[in-house]
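Have a look at the structure below before the remarks.
No lab work stands behind these numbers, since they all come straight from the coordinates. A quick note: this is a predicted structure, and the numbers were derived from the prediction, not measured. No Cβ is skipped: glycine too gets one built from the backbone with ideal geometry, and neighbour counts run over all protein chains shown.
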Amino acid sequence: MLTNCHAFFLWWIEFPFPTVPPTLPPPRTKTKTVSEGRNVTFRCGQKIIHKKGKVYWYKDKELLEYSYPGYLSLNEDHMSIIANAINEGTYTCIVKKKERILTTYSWRIRLRH
Ligand SMILES: *[C@@H]1O[C@H](CO)[C@@H](O)[C@H](O)[C@H]1NC(C)=O
């Protein structure tokens, strides 16, 4: 029998971050309000990149894997977006070494109306 407790545990294994409800921003979140069309750059893990961690980028908990020219540009230790109504949301970087999380930061992007 799968109890609520099991379900939570399984969910936690799959998404070990953040452990707060999605309506609250994850810890260490900066909110940035930007104008539409702005190129917003996030930098992450530059101080610990020599520890050979790997940087993963997420948008609202979805792993970002590809760049979309003119919209989103992914790089190892930084990424950028051209702000628009569709890509508003929370961007998270996670620096991992094997399964260990070295650091994580989030940015909440809101459009200035
Ligand atoms: C934002 O600007 C940087 C530096 O000019 C550029 O490398 C990057 O591709 C731009 N981002 C997007 C999503 O076009």
Going fewest to most other Cβ atoms within 10 Å around each Cβ, Lys61, Lys98 line up as Lys98, Lys61
Distance in Å, no decimals, from the C-alpha centre of the stretch 82-112 to the one of the stretch 42-78 is 8
A correct fewest-to-most ranking of Ser67, Ser80, Ser35, Ser106 by other Cβ atoms within 10 Å would be Ser35, Ser67, Ser80, Ser106
For the stretch 23-111, the charge dipole (Cβ of Lys, Arg +1; Cβ of Asp, Glu -1; about the Cα centre) points to a positive end, and the Cα of Pro69, Trp107, Asn87 closest to that extreme belongs to Trp107
The extension gain from Leu74 to Thr41, computed as 0.36 nm times the residue separation minus the Cα-Cα distance, is 10.9 nm
